[in-house]
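Read through the structure below, which is laid out as structure tokens, and then see the notes.
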Amino acid sequence: FFSISQSKEISEIIINGNDKTKDYIIIREIHHPIPGMYNSKIADDDKNRIYNLNLFSSVNIDTMDNKYIIDVSEKFYFFPLPIFDYDETTGSSYGAAILNINFRGHDETIASGFIKGNSDQYFLYYLNPWIYGDHISFGFQYENLSANHHAYEIIDNMNIFELFSGFYIGNNHKFKFTAGYSSHQLDSNMGFIYKYLDTRLRYKYDTRDIYLDPTKGMLLNFKINNKIGLFKTE
């Protein structure tokens, strides 16, 4: 390929190398006008946004014959993970998890796993970072944890379920909302179940290239957390 003059009009997008990732995942990161006159600064910004998806090990944007050509190399997206956990009070626990950072080729993340031992844990996590509109996201996570208390004959059971969503305003203003429900049970001769509603709001102003050079740009985080005790049952 060869670069063309900035006065050259671009009329078509060509994407190569995305064997798993759907075309629209890449196309929605493109801000270069198509059709439109070629602009190298916009092309560089497009390249950085595609990199920041964290799906590709290399990204190159070139031009030829009025075409805006995007070449990518996909990362390995499926990971089996062994888990080992040690705590002085509960001892050792072992488990495994699977992680897919490009589920169905839609830039969705899904993870599931378990831990067995003196503490038992099961979890499921899902996130679609851009399901609609301007980076409107949706996700959820479920976690169950059961552990033997280190000092008393008590089984400590926790269940947590959370839903989260967010959106962008422009490229740098990012909002995330989380609403969750949790129950905490101390199961002995007399068991109590404590139930909570957890809400969180996070605002992030982020001008970094997260995966290329996170030392450049600025990051500002603002968080509000609120946990409400609903009731206790015996």
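The values are calculated or read from the model by the stated rules, or taken from the named source; none is laboratory data. In this text the structure is predicted, and so the values were computed from the model without any measurement. Glycine gets a Cβ as well: all are built from the backbone with ideal geometry, and neighbour counts include every protein chain shown. These accessible areas exclude ligands, DNA and RNA; they are computed on the full protein's heavy atoms, side chains included. Shrake-Rupley method; radii C 1.70, N 1.55, O 1.52, S 1.80 Å.
Here is how the numbers come out for the structure above:
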| read-out | value |
| --- | --- |
| In the range 88-123, the residues that are of a type in the set (A, V, I, L, M) and surrounded by 15 or more Cβ atoms within 10 Å (Cβ to Cβ) | ALA97, LEU99, ILE101, ILE110, ALA111, ILE115 |
| The range 16-45, subset among the aliphatic types (A, V, I, L, M) and open to solvent by less than 30 Å² (accessible area, probe 1.4 Å), residue nearest to the chain's Cα centre (by Cα) | ILE25 |
| The range 181-215, subset part of a strand (DSSP E or B) and at pLDDT below 80, residue surrounded by the fewest Cβ atoms within 10 Å (Cβ to Cβ) | ASP213 |
| Of the criteria (1) part of a strand (DSSP E or B); (2) free of Cβ contacts under 8 Å to residues at least 12 places away in the same chain; (3) not small (Gly, Ala, Ser), which one ASP71 fails | (2) |
| Residue match in the range 145-162 (condition: modelled with pLDDT of 95 or more and either in contact with a Gly (Cβ under 6 Å, 6 or more places away or on another chain) or open to solvent by 50 Å² or more (accessible area, probe 1.4 Å) (or both)) | yes |
| Qualifying positions in the range 46-68 - open to solvent by 50 Å² or more (accessible area, probe 1.4 Å), outside any loop (DSSP other than H, G, I, E, B) and not basic (Lys, Arg) | SER57, ASN60, MET64 |
